[in-house]
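The values are calculated or read from the model by the stated rules, or taken from the named source; none is laboratory data. The structure presented is a predicted model; accordingly, all values stated were derived computationally and were not measured. Neighbour counts run over all protein chains shown; Cβ positions are idealised from the backbone, glycine included. Keep in mind that these areas ignore ligands, DNA and RNA; they rest on the heavy atoms of the full protein, side chains included. Shrake-Rupley method; radii C 1.70, N 1.55, O 1.52, S 1.80 Å.
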Amino acid sequence: MSILDLSIETGIIKTLSGKQFSLFEPAPEMIDILDIAAGLANKGHFSGLTPWFFSIAQHSIMVCDEFSFCDFSIDPKLKLLALLHDAAEAYIGDMIKPLKVRIPQFLEIEERIMKAICCRYNLDYSSLHLIKSTDIFIQEVEYNAFYRGGKLTYMNPQQAKNVFLDRFKEYYQEKV
């Protein structure tokens with residue numbers, strides 16, 4: 001059996017850090033911030049249908065920064081949750097919303113992965129709703145920049161990965 005056949009059968013993928021990651025039964029010990037940063041930095045937001053490459057990592061940084069800017073006294077764990085709000089996409093990609101809502105199994109897989117990520121970094125999964133309005137606001141900013149002549153500074157994947165990891169180190173208060 002080939003590696004690809006085995007991965008399809010088991011739902012287990014090998015990550016950049018060398019970990020075995022189960023898409024269907026994720027566990028906190030399978031999560032590594034370096035995998036998340038690389039996965040998000042190398043995947044395009046808006047399904048990659050943007051004038052220039054724009055990563056999910058950069059989107060996540062913008063959400064985190066906007067969420068943090070609104071109230072500097074916000075708990076660092078909430079700021080970290082804002083940074084990681086799309087972290088499951090590092091493992092499964094960014095499926096556009098019209099398709100995602102029509103495939104409930106995808107949403108279930110994404111939720112299980114996100115819960116494992118929250119558990120790994122001691123974050124409250126049930127607080128994700130607090131970030132949603134900022135996420136939507138930033139998506140509007142991005143949409144305007146991509147399709148309506150707005151302005152945005154683009155990061156290449158390495159820049160996005162580095163800034164993402166910097167934010168993580170700033171807000172994660174435990175040893176990695």
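Numbers for the structure displayed
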read-out	value
Column: log10 I(q)/I(0), Debye, Cα scatterers of segment 44-176, q = 0.13, 0.22 Å⁻¹	-0.54, -1.54
Spherically averaged projected area of segment 21-80 from its Cα convex hull (nm²)	5.5 nm²
Lys115 - accessible surface, heavy atoms, 1.4 Å probe, Å² rounded to 10	100 Å²
For segment 120-176, fraction of C-alpha pairs farther apart than 16 Å, in %	65 percent
Relative contact order (percent, whole number), the chain, Cα cutoff 8 Å, 6+ residue spacing	29 percent
Relative contact order (percent, whole number), segment 1-77, Cα cutoff 8 Å, 6+ residue spacing	15 percent
FRET efficiency, Trp52 to Val101 (Cβ-Cβ, R0 25 Å, nearest 0.05)	0.35
For segment 60-105, the Rg and Dmax computed from alpha carbons only, in angstrom	13.3, 38
Inter-site label distance for Cys70 and Tyr125 at 7 Å from Cα along Cβ, in nm	2.3 nm
Only Lys, Arg (+1) and Asp, Glu (-1) charged, at Cβ; segment 73-176 dipole about Cα centre in debye	80 debye
